[in-house]
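Asker: Below is the structure I would like to discuss, written out as structure tokens.
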Amino acid sequence: MKKTLLICFCVLGFSVSAQSFTDKNLQQSVLQINTAKTASDYEALFKKFSESKTIERWQAYYYAAVSMYLKTESSIKKGNNSSLAGSNALADKFAMGALGTQHSNDEIEILLGLIHLQKVALNTSTNVQKDVKAASDYISKLESTSSNNPRLSILKARMAQQANNTTEAENFYQKASNEFSVATSSNTFPTWGSQLIKSKN
């Protein structure tokens, strides 16, 4: 009986900390995502995650995808839209790699939704309707399981922007901002995304 309880607690502990690394160096790199400012900062983080030899491979892939997505976002805000299709595609590749071993992972699916809308924003989508629908499908799927997730609110805001509904987009950005405050105080992982609110205009 004690052995069964111990196994249950171990499984529960693993699922609760599923987004945090046991590798201290990678934990540090995750924190640096929130302080990165330039495309080169994100590129350096992408290199750390994509080349790491951790056994927590899906998480390394997830954060590699996050780094590349944010690198692309920071370049868009600076007007450097040329040749960003490659970094968007790389973010997609690593996010899909993470999803390959973590089916139905809300955080990865939110990221994929953001990547689809980023592709549309870059004018590199070969099928805008398909990319917008993919993002919309992720929103519909995740509303019941991640209703208070700030990154889902950001995805909804981006979807509203895509539909030229600035008021709705602003409401979702405000909701995300409030959710980040709660997430920060409860030490929930992952914590990235607030930079997307600050640079939304």
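The values are calculated or read from the model by the stated rules, or taken from the named source; none is laboratory data. Because the structure is predicted, anything quoted here is derived from the model rather than measured. Reconstructed Cβ throughout: ideal geometry from the backbone, glycine too, with neighbour counts over all protein chains shown. Surface accessibility is based on the protein's heavy atoms, side chains included, excluding ligands, DNA and RNA. Shrake-Rupley method; radii C 1.70, N 1.55, O 1.52, S 1.80 Å.
Asker: Report the label-to-label distance for Asn127 and Lys47 in nanometres (one decimal), using points 7 Å from each Cα along the Cα→Cβ vector.
Answerer: So the two model labels end up 3.7 nm from each other.
Asker: If you count, for each residue, the other Cβ atoms within 10 Å and average over each peptide, how do 170-182, 114-126 line up from highest to lowest?
Answerer: 114-126, 170-182
Asker: Roughly speaking, to the nearest percent, how much of region 65-201's 1.4 Å accessible area is carbon and sulfur?
Answerer: 50 percent
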